[in-house]
Each structure stands twice: as C-alpha cells, then as structure tokens.
Amino acid sequence: MVGEPLFLTSDIIYGLALGIAMSVAKSVAIKSAPSECWGASSALFLLMNDLGIEVSSSLWGAFNDIWGFQAGTLCLVACQVLSFIAARILFPR
C-alpha cells in the first residue's frame, strides 16, 4: 500500500498528542479541585470524557449519514476553527 507509512506515522503522532493532551487536561482538572475532592474530580473528568466521545460519535455518524462525509468534514473543520477563535478570545495571553 502506497500511503501506509504516512498513515502509520500520522497514527503515531496523533496517539502521542492525544496522550499528552489528556494527561495535561486531567492534571489541570484535578489540581483545580480541593485536595479532598481529587478522586471525584478524576472520576467526573473521565465520565465526561467518555460521554463526550459516545455522544459526539453518534451525532457525527448521524450527520454523515444524512448530509454526507464531505459536509461532515467541512462542518468539523468549521467547529475546530470556531473553537480556536473562542479560545483566543476567552483565554488571551
């Protein structure tokens, strides 16, 4: 397969980035809670992470079935751009 090395390389980069981002996000969530609530903070973070994955997978799957993969991809890119803009506005340096 011609694109297999590129595909595997992108998988490795995605896995590393996701692993780092999830570890940092969980650390921030736990450290922002009082020490007696660290267990509850960790559990809530992981629950919301799992729920977000399940709900978004279902919604994007339905969206792609109704409007097609190309529309779903364009909508996803638009959501990422809007998220970046919102982050820059809400969290200025």
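The values are calculated or read from the model by the stated rules, or taken from the named source; none is laboratory data. These numbers were taken from a predicted model, which means no experiment stands behind them. Heads up, the Cβs are rebuilt from the backbone with ideal geometry, glycines too, and the neighbour counts pull from every protein chain shown. SASA here: full protein model, heavy atoms, side chains in, ligands and nucleic acids out. Shrake-Rupley method; radii C 1.70, N 1.55, O 1.52, S 1.80 Å.
Whole-percent P(r), the chain, all Cα pairs, 5 Å bins from 0: 2, 11, 10, 15, 21, 19, 12, 6, 3, 1, 0. The slack in the chain from Ser35 to Trp60, taken as 0.36 nm per residue of separation less the alpha-carbon distance, amounts to 5.3 nm. Once the Cα atoms are used to define both axes, helix 4-31 deviates from the longest principal axis of the chain by about 20 degrees. The residue list Cys37, Ile12, Ser23 was ranked by how far each Cα lies along the charge dipole of the range 2-75 toward its positive end, using unit charges on Cβ atoms, and Cys37 comes out on top. Taken per residue, the accessible surface of the range 53-93 reaches 89 Å², heavy atoms only and a 1.4 Å probe. Using 0.36 nm per residue and subtracting the Cα-Cα separation, the extra length available between Ala78 and Met48 on full extension is 8.5 nm. Surface composition of the range 1-85: carbon plus sulfur atoms contribute 75% of the solvent-accessible area (1.4 Å probe, protein chains only, all chains present). Helix 69-90 and the longest principal axis of the C-alpha atoms of the chain enclose an angle of approximately 30°.
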